[in-house]
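The values are calculated or read from the model by the stated rules, or taken from the named source; none is laboratory data. Note that this is a predicted model, so its numbers are computed, not measured. Quick reminder, even Gly has a Cβ in these numbers, built from the backbone with ideal geometry, and neighbours come from all protein chains shown.
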Amino acid sequence: MAKKRGKPSFIGIDLAWSDKNPSGVAAIRDGRLVASAGGLSKMSEILDFVGDHLSRRNGSIVAVDAPLRVPNETGIRACDRALSADWLRYQAGAYPANRKLLERDGVVRGEALTAALSERFKFYESDVIPRRTKARLVCEVYPHPALVSLFGLDRTLKYKRGRGRSFEERWSEFDRYRKLLRKLRKADPRLRGTRRLLKSTQVYGLRGAALQAYEDALDAITCAYIAAYLWRHGPRRVTRYGTLEEGHILVPQAPK
């Protein structure tokens, strides 16, 4: 059970589009990473994690890397198209999301997650995160453009599995990824408590499920940090793509 339950909490979920693939989770409270994990396959595990890290009095923001609302049967959502128009130059465009693709297992997992968070914990989906809100809100985010924005990158990090991409190349990019996240110790908002996962873990040599779990955990930490950033700075530091009704994605804006 997490401590300091009165503090606002920021929970990141790297949600797999299919329950056949693992998901990652992370929680930040009082400027510190208090928990993170990869390799979660069941929705119940994700919901239990959220329940363990809710704030009792001062609000909780859940930021999810997965489509939370998918009105289109085929093609691409308007928010994905708009985001890609801005971020393709950084190789950070959105993946096309539609019901035909996402309902292969019978349900759109992001929609199911949002419904479960609402029913079990009284969360509301929102495409606006008011500064220092005390509400329980869930929003959709996307780590790739967020990392480019927050760290001023020329392109996305190439840590994910891809055609022709060797383990050595991926391990090197994972090393870059965790070094960037460690820099958040001096950011606004700051993020402490990352040493064990980001510095002590020997990423070189990880393969298979272990490497996937590490990837999911890092992406979940990024999602949780985005949640903290949106709460700290409010709408003035975010670019919103799409609408609540048609699907949205929030991307943090780095300070000028």
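Can you find even one residue in the range 127-137 that is in contact with an Asp or Glu (Cβ under 8 Å, 6 or more places away or on another chain), of a type in the set (Gly, Ala, Ser) and at pLDDT 95 or above? No; the residues of the range 127-137 include none that is in contact with an Asp or Glu (Cβ under 8 Å, 6 or more places away or on another chain), of a type in the set (Gly, Ala, Ser) and at pLDDT 95 or above. For the range 64-85, the candidate set comprises residues that are acidic (Asp, Glu) and surrounded by 15 or more Cβ atoms within 10 Å (Cβ to Cβ); within that set, the residue that is nearest to residue 115 (Cα to Cα) is 65. So which residues in the range 31-46 are in contact with a helix residue (DSSP H, G or I) (Cβ under 9 Å, 6 or more places away or on another chain), over 15 Å from residue 123 (Cβ atoms) and among the aliphatic types (A, V, I, L, M)? Those that are in contact with a helix residue (DSSP H, G or I) (Cβ under 9 Å, 6 or more places away or on another chain), over 15 Å from residue 123 (Cβ atoms) and among the aliphatic types (A, V, I, L, M): 33, 35, 37, 40. If the condition is being in contact (Cβ under 8 Å) with a residue 24 or more places away in the chain, acidic (Asp, Glu) and assigned to a helix (DSSP H, G or I), then the range 146-200 contributes only 175. Can you confirm whether residue 213 is more than 16 Å from the chain's Cα centre (by Cα), aliphatic (A, V, I, L, M) and either surrounded by fewer than 20 Cβ atoms within 10 Å (Cβ to Cβ) or part of a loop (DSSP other than H, G, I, E, B) (or both)? No.
Only one residue in 77, 109, 81 is closer than 18 Å to residue 141 by Cα, basic (Lys, Arg) and in contact with a Gly (Cβ under 7 Å, 6 or more places away or on another chain), so which one is that? On inspection, the qualifying residue turns out to be 77.
Selection within the range 1-43: residues that are charged (D, E, K, R) and on the phi > 0 side of the Ramachandran plot. The member of this set that is modelled with the highest pLDDT is 30.
Taking residue 147 as the residue in question, decide whether it is touching a Ser or Thr at 6+ places or on another chain (Cβ under 9 Å) and among the aliphatic types (A, V, I, L, M). Yes; evaluated as a whole, the condition is true for this residue. Please go through the range 231-256 and pick out each residue that is of a type in the set (A, V, I, L, M) and either out of contact with any Cys (no Cβ under 7 Å at 6 or more places or on another chain) or modelled with pLDDT under 95 (or both). The answer is 238, 244, 251, 254.
Report yes if some residue within the range 81-96 is within 24 Å of residue 123 (Cα to Cα) and touching a residue at least 60 places away in the same chain (Cβ under 8 Å); otherwise report no. Within the range 81-96, none of the residues are within 24 Å of residue 123 (Cα to Cα) and touching a residue at least 60 places away in the same chain (Cβ under 8 Å). The one condition from (1) surrounded by fewer than 20 Cβ atoms within 10 Å (Cβ to Cβ); (2) in contact with a strand residue (DSSP E or B) (Cβ under 7 Å, 6 or more places away or on another chain); (3) among the aromatic types (Phe, Trp, Tyr) that residue 17 does not meet is (2). With respect to (1) in contact with a helix residue (DSSP H, G or I) (Cβ under 9 Å, 6 or more places away or on another chain); (2) surrounded by 15 or more Cβ atoms within 10 Å (Cβ to Cβ); (3) closer than 17 Å to residue 227 by Cβ, the lone exception for residue 49 is condition (1). Considering 229, 241, 225, the condition of being surrounded by 22 or more Cβ atoms within 10 Å (Cβ to Cβ), outside any helix (DSSP H, G or I) and in contact (Cβ under 8 Å) with a residue 24 or more places away in the chain is satisfied by 241 alone.
Specify the residue that is nearest to residue 24 (Cα to Cα); the eligible residues are those in the range 103-128 that are surrounded by 15 or more Cβ atoms within 10 Å (Cβ to Cβ) and charged (D, E, K, R). If we take residues in the range 103-128 being surrounded by 15 or more Cβ atoms within 10 Å (Cβ to Cβ) and charged (D, E, K, R), then 109 is nearest to residue 24 (Cα to Cα).
Screening the range 165-203 for residues that are over 20 Å from the mean Cα position of the chain (by Cα), of a type in the set (Ser, Thr, Tyr) and surrounded by 11 or more Cβ atoms within 10 Å (Cβ to Cβ) and picking the one that is farthest from residue 37 (Cα to Cα) gives 172.
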